[in-house]
């Protein structure tokens with residue numbers, strides 16, 4: 001239902017936009033490096049290959065650390081004498097076999113720290129090749145033969161003794177492994193922490209789903225740290241299962257290892273000594289999990305079937321117009337953005353092999369969809385190999401086969417930063433859509449980019465645009481924005497272009513940007529402006545389900561619209577009252593403002609943020625987005641309670657009522673987050 005914003009609303013909105021505009025400043029070449037994202041970091045030629053990070057020497061044994069950059073996965077081999085022990089292997093196990101052979105060591109066991117969801121593990125592959133046992137928590141629910149572990153279980157590898165401790169938090173079956181030398185049986189040298197403790201972060205507790213509450217797991221994580229991990233000496237070296245870029249946590253460091261002491265002193269999550277504060281911090285601001293995670297978790301629990309790594313490439317699918325039907329097929333074009341723009345199969349999506357192919361296939365291609373991989377023979381061979389890591393397979397198609405069949409191609413010429421800026425100056429700019437995450441967009445964006453539709457929700461938000469109008473997509477490096485071109489074309493857009501080189505190229509060209517905060521010698525001094533934080537519909541729903549009573553939810557729409565529908569536990573208030581009433585400046589937990597589309601709430605939130613240290617949050621794109629993302633989910637909306645009178649000065653804002661305890665019976669299918 002549409003409504004006009006009244007005079008007060010326009011004044012508030014103008015003030016909010018003024019606060020945002022105050023962040024405008026000239027770009028610097030130094031800023032280009034600052035916006036490098038996980039995609040940029042994974043574009044090197046060898047990012048899809050396993051590499052040895054380092055070898056760590058201890059008395060009587062050593063640990064070799066491996067990394068697979070495109071999945072941000074760390075795995076390990078502990079070697080003592082002629083015996084080896086593998087920790088959290090990826091499905092393509094060749095590097096472990098080669099390393100064991102080189103070290104003249106026999107693999108005596110493989111250990112999973114927990115049930116992985118972001119990749120298919122290599123435990124059954126190693127068992128098939130080496131006949132070694134699989135060590136795993138007895139709580140894992142594994143449907144294959146394991147050597148079950150429980151609190152205090154030990155395994156001896158040469159002169160090393162591994163002691164296992166139960167550390168639920170990321171998953172219910174999480175375990176850490178302390179390693180001791182036989183000559184110092186009471187002094188732990190290191191700990192394999194899996195996804196419980198990362199360098200600079202901890203594992204997210206919301207990936208299990210089902211009957212296991214994220215809040216319960218977060219509470220268990222608090223106990224795992226407080227009662228077990230933190231009891232280790234500060235000198236104990238920690239080796240996690242993931243590094244920066246992983247979606248199994250937030251804000252992970254790119255340092256490959258740390259110590260208990262360093263994490264105790266610097267890990268931002270571990271500074272919370274109260275359970276409620278720790279849980280709130282851990283659940284706040286988590287991105288949506290890719291939809292393929294739950295399927296990989298199930299495959300790992302069932303026992304991944306062996307892969308025939310030497311299988312010949314499958315026969316090419318016959319090119320025909322039906323393949324370009326977005327209702328029937330997903331075509332993933334593996335080429336670089338430039339080649340894709342020069343001509344591609346209509347309605348195909350550019351997921352280039354040079355980046356995080358595995359993760360983006362898992363995000364953009366629904367599990368079980370009819371997938372066709374399109375690229376050169378080399379790209380196809382590489383993609384088929386790599387997609388085993390996340391359980392995907394597909395038919396293959398070569399671009400020249402499509403072209404030789406006389407079938408139509410879609411051309412989407414990229415626009416250079418200079419050309420786009422010139423169009424802006426002449427008032428002829430197309431609609432510019434930034435497809436990065438909201439946090440990235442708020443931090444720094446090219447000038448005049450007022451639309452932020454994150455790639456994982458672009459298909460949904462595209463309904464707010466006119467398919468007949470020209471659109472330019474933007475991200476940091478042009479990897480995601482090239483993908484966005486295909487997403488919009490599948491929705492019927494005919495004039496979509498990608499900005500060449502992304503924001504990095506824009507900044508390098510010296511063109512102006514908006515940024516949240518200026519720093520350095522090249523920056524003009526600016527007054528710091530505190531802005532409200534945007535919260536997505538999925539994040540708000542997660543808080544409502546897992547942490548009721550820890551925040552205040554205020555709906556600032558007019559009472560007549562509030563009466564039609566509202567969010568459970570929300571109170572209705574006039575925007576002017578929210579701004580002027582000091583009761584809203586204090587309270588337990590953050591104040592979350594909602595309106596129709598997020599615009600007026602952002603303005604009100606901007607004003608409140610200048611007055612209080614209380615966290616102020618605004619529902620991103622308002623109730624329209626919330627309803628769109630959760631349509632068909634029971635319990636998301638309710639008939640509104642009696643509105644709060646704007647003439648009443650409440651002594652303290654009311655806390656929201658708890659949402660329904662049961663999970664919704666039917667959930668609308670949504671695209672995954674990144």
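The values are calculated or read from the model by the stated rules, or taken from the named source; none is laboratory data. All of these numbers come straight from a predicted model, not from anything done at the bench. Counting neighbours? That spans all protein chains shown, and the Cβs are built from the backbone with ideal geometry, glycine included.
The table that follows gives values for the structure above.
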item	result
Of all residues making up segment 336-353, the number that are closer than 30 Å to residue 94 by Cα and surrounded by fewer than 21 Cβ atoms within 10 Å (Cβ to Cβ)	1
Residue within segment 285-301 that is surrounded by fewer than 20 Cβ atoms within 10 Å (Cβ to Cβ), touching a strand residue (DSSP E or B) at 6+ places or on another chain (Cβ under 9 Å) and at pLDDT below 95 present	yes
Restricting segment 449-485 to residues that are assigned to a loop (DSSP other than H, G, I, E, B) and over 20 Å from the mean Cα position of the chain (by Cα), the residue that is nearest to residue 536 (Cα to Cα)	450
Residue ID - farthest from the chain's Cα centre (by Cα), chosen from residues in segment 612-625 that are surrounded by 21 or more Cβ atoms within 10 Å (Cβ to Cβ) and in a loop (DSSP other than H, G, I, E, B)	621
Test for residue 390: is it in contact with a helix residue (DSSP H, G or I) (Cβ under 7 Å, 6 or more places away or on another chain), surrounded by 20 or more Cβ atoms within 10 Å (Cβ to Cβ) and free of Cβ contacts under 8 Å to residues at least 60 places away in the same chain	no
Matching residues, segment 348-369, being part of a loop (DSSP other than H, G, I, E, B) and in contact with a strand residue (DSSP E or B) (Cβ under 7 Å, 6 or more places away or on another chain)	348, 351, 365, 369
Residue list for segment 340-368, restricted to those being without any contact (Cβ under 8 Å) to a residue 60 or more places away in the chain and more than 16 Å from residue 396 (Cβ to Cβ)	368
Residue within segment 248-267 that is in the same structural domain as residue 200 (by TED's automatic domain parsing), touching a helix residue (DSSP H, G or I) at 6+ places or on another chain (Cβ under 8 Å), outside any loop (DSSP other than H, G, I, E, B) and in contact (Cβ under 8 Å) with a residue 60 or more places away in the chain present	yes
Residues of segment 489-515 satisfying the condition of being part of a helix (DSSP H, G or I) and in contact with a helix residue (DSSP H, G or I) (Cβ under 6 Å, 6 or more places away or on another chain)	504, 505, 506, 507, 508
Residues (in a helix (DSSP H, G or I), buried (at least 17 other Cβ atoms within 10 Å of the Cβ) and without any contact (Cβ under 8 Å) to a residue 60 or more places away in the chain) located in segment 408-448	424, 441
Residue satisfying condition, being more than 27 Å from the chain's Cα centre (by Cα), in a helix (DSSP H, G or I) and closer than 28 Å to residue 292 by Cα, within set 124, 99	124
So residue 396, is it within 21 Å of residue 289 (Cα to Cα) and in contact with a strand residue (DSSP E or B) (Cβ under 7 Å, 6 or more places away or on another chain)	no
Exclusive hit being closer than 26 Å to residue 50 by Cα, at pLDDT 95 or above and surrounded by 24 or more Cβ atoms within 10 Å (Cβ to Cβ), set 96, 131	96
Qualifying residue in segment 177-198 (condition: on the phi > 0 side of the Ramachandran plot and either surrounded by fewer than 24 Cβ atoms within 10 Å (Cβ to Cβ) or touching a helix residue (DSSP H, G or I) at 6+ places or on another chain (Cβ under 6 Å) (or both))	no
Search result, residues across segment 462-488 that are out of contact with any helix residue (DSSP H, G or I) (no Cβ under 7 Å at 6 or more places or on another chain) and buried (at least 20 other Cβ atoms within 10 Å of the Cβ)	485, 486
Residue that is assigned by TED's automatic domain parsing to the domain that holds residue 103, in a loop (DSSP other than H, G, I, E, B), surrounded by fewer than 24 Cβ atoms within 10 Å (Cβ to Cβ) and at pLDDT below 95, where the choices are 141, 152	141
Check on residue 9, over 23 Å from residue 257 (Cα atoms) and at pLDDT 95 or above	no
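Every residue, every condition in (1) assigned to a helix (DSSP H, G or I); (2) closer than 19 Å to residue 289 by Cα; (3) at pLDDT 95 or above; (4) more than 16 Å from the chain's Cα centre (by Cα), yes or no:
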| residue | (1), (2), (3), (4) |
| --- | --- |
| 192 | no, no, yes, yes |
| 205 | no, yes, no, no |
| 218 | yes, yes, no, yes |
| 230 | yes, no, yes, yes |
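Matching residues to (1) touching a residue at least 12 places away in the same chain (Cβ under 8 Å); (2) in contact with a helix residue (DSSP H, G or I) (Cβ under 8 Å, 6 or more places away or on another chain); (3) within 30 Å of residue 287 (Cα to Cα):
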position: 90; (1), (2), (3): yes, yes, yes
position: 105; (1), (2), (3): yes, no, no
position: 126; (1), (2), (3): yes, yes, no
position: 140; (1), (2), (3): yes, yes, yes
position: 159; (1), (2), (3): yes, no, no
